[in-house]
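Worksheet: one structure, shown below.
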Amino acid sequence: MKAKYVNPFTDFGFKKIFGEEASKTLLIDFLASLLPEANIVDLTFKDKDKLGHTEADRKAIYDIYCENSAGEKIIVELQKAKQNYFKDRTVYYATFPIQEQAEKGEWNYQLKYVYCIGILDFKFDDHIKSGQGEVIHTVQLKDQHNQVFYEKLKFVYLEMPHFKKTASELNSRLDKWLFFIRHLEDFENIPEIFKDEVFVQAFEKAEIAKYTEQERLDYEQSLKIYRDLKGVIDTAFDEGKQEGLLEGTLKGKLEGLLEGKLEVARKMKSKGLSSSDIADLTGLSEHEIDTL
């Protein structure tokens, strides 16, 4: 049975729900729940295609680039699959709204806040052990005493596969948004927890039946790209697991064989055999035998 609502991890679905002028109230509500310190009451979408001084720079385009009423810059990036140097990429992205603030002539280098939001449809596999299993990762520049050195640059990564809460466990506005994003494509109707005006609007924006024929075609193409990408990634992951399992099995056999030879060598040594004789019988080196 076809889904009633779009998959928000597709480019089309994400833009439809959060990236259009008509969807701005939804983006404001979501970001306000994620960044309460930014005091977001209004947003202005900025032209992300004009960032950077050269054509090469402008290829670093993210999904949403906006600014709140205080002039603070907010980047929102949907990342569907792992890629090499993902963290480097997000740091690189952050340099554009920083450089954009440069003023001609006399300027004292005072900057506005820059927030970089990454919504990840995959798990960090190289994150610090203390953060494993967590959904929200907040990153700032800190000194050697773990004190914030520069507070105007903040990265927030949402590791969506780790969000496991059920509807009855949601206890904040942000929880509701994460639950909405994580499960939207599975809903057949609007759950009771989403009956307020903002979420009703979000479901309306996500309902495929209300799209034009061209919008439905665009969504199907976006969904196909998403599924193909996930298929390639999942296949590569499964092949990696099988290869790792095979390597682990072979490694275990080799380690067991070596340990067996060492045990035999110990017994031979205890019987008074010379190192050269033990080496001839076991295939071990005399150095390995002498260290037993």
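Bear in mind these aren't lab numbers, they're just calculated from the coordinates by the rules spelled out. Being a predicted model, the structure only gives us computed values, none of them experimental.
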So what are the ³J(HN,Hα) numbers for the range 161-171, from phi and the Karplus equation (6.51, -1.76, 1.60; θ = phi - 60°), rounded to whole Hz, Gly and Pro as x? x, 7, 7, 10, 5, 8, 4, 6, 9, 6, 10
Holding the Cα-Cα limit at 21 Å, pick out from K82/K230; K24/K73; K16/K154; K15/K176; K80/K195; K82/K205 the pairs that are longer than that. K16/K154; K80/K195; K82/K205
Rg/Rg_ref, the range 11-210, where Rg_ref = 2.2 N^0.38 Å and atoms are Cα: 1.07
